[in-house]
Amino acid sequence: MNTIKAKGTVFSGENVGNRFIGIAWAKKQIREKLGFDPYIGTLNVRLSEKEAKHLKKTLQDSKGIKITPAKGFFKARCFNILIMSKIKGAIIIPEKPDYPPNVLEIIAPTCLRKALLLTDSNEVEITIFLETNIKA
């Protein structure tokens, strides 16, 4: 199984992920393509510049799972993950020109902050599955 590990720091976002995950078409595609009903919200993780460059290159060369948007939204690619070796979820990478390359948006079927007792500035490790046929 082809995987890559990444480490980053938890930080509070602007609640954009909450709004996106709550949209019916996004929720439906996540359920169908990733195999779980997402908790309404994302866990934001900031990577170091070096780690972000390496990860971005690896993910660009990988197919990922495509999220097809409704009109007015950006496309996205997802990758199944295991966060802190405990909880299955996915990273969502919006195909938005100004999206920060060092930020990962993580979704899961549960509130990751509560389940893993995370607060801002905690470090997390993520295992990313590069194959697209793995259900979270």
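Read-outs: derived from the displayed coordinates by stated rules, not from any lab. What you see is a predicted model; the values in this text were computed from it and never measured. Quick reminder, even Gly has a Cβ in these numbers, built from the backbone with ideal geometry, and neighbours come from all protein chains shown.
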Q: Only loop residues by DSSP count here, and only those with at most 14 other Cβ atoms within 10 Å; note down the chymotrypsin sites (Phe, Trp or Tyr not before Pro) in the range 54-131 that meet that.
A: Phe74
Q: Mind checking which of Phe74, Ser12, Val124 is farthest towards the positive end of the chain's charge dipole, using Cβ charges of +1 (Lys, Arg) and -1 (Asp, Glu) about the Cα centre?
A: Phe74
Q. Asn122 to Lys53: extension gain in nm, 0.36 nm per residue of separation minus the Cα-Cα distance?
A. 22.7 nm
Q.
If each DSSP helix of 4+ residues adds -39,500 (n - 2.57) and the sum is divided by the residues in the chain, what number results at 222 nm, nearest 500 deg cm²/dmol?
A. -6500 deg cm²/dmol
Q) Hey, got a sec? Which trypsin sites (Lys or Arg not before Pro) in the range 56-136 land in a DSSP loop and have at most 11 other Cβ atoms within 10 Å? A) Lys63, Lys71, Lys86, Lys135
Q) For the range 3-129, what does the equivalent ellipsoid look like in terms of its semi-axes, each the square root of 5 times an eigenvalue of the Cα gyration tensor, given largest first in whole Å? A) 20, 17, 14
Q. Counting pairs of alpha carbon atoms under 8 Å apart in space and at least six apart in sequence, what relative contact order in percent does the chain give?
A. 37 percent
Q: In debye, nearest 20, what is the charge dipole magnitude of the chain about its Cα centre with +1 on Lys and Arg Cβ and -1 on Asp and Glu Cβ, if you could check?
A: 360 debye
**Q.** For the range 1-63, fraction of C-alpha pairs farther apart than 16 Å, in %
**A.** 61 percent
Q. Among the listed pairs Lys53/Lys75; Lys50/Lys71; Lys28/Lys50, which are separated by more than 31 Å between their Cα atoms?
A. Lys50/Lys71; Lys28/Lys50
**Q.** DSSP-loop GluC sites (Glu not before Pro) across the range 64-136, with at most 15 other Cβ within 10 angstrom
**A.** Glu95, Glu131
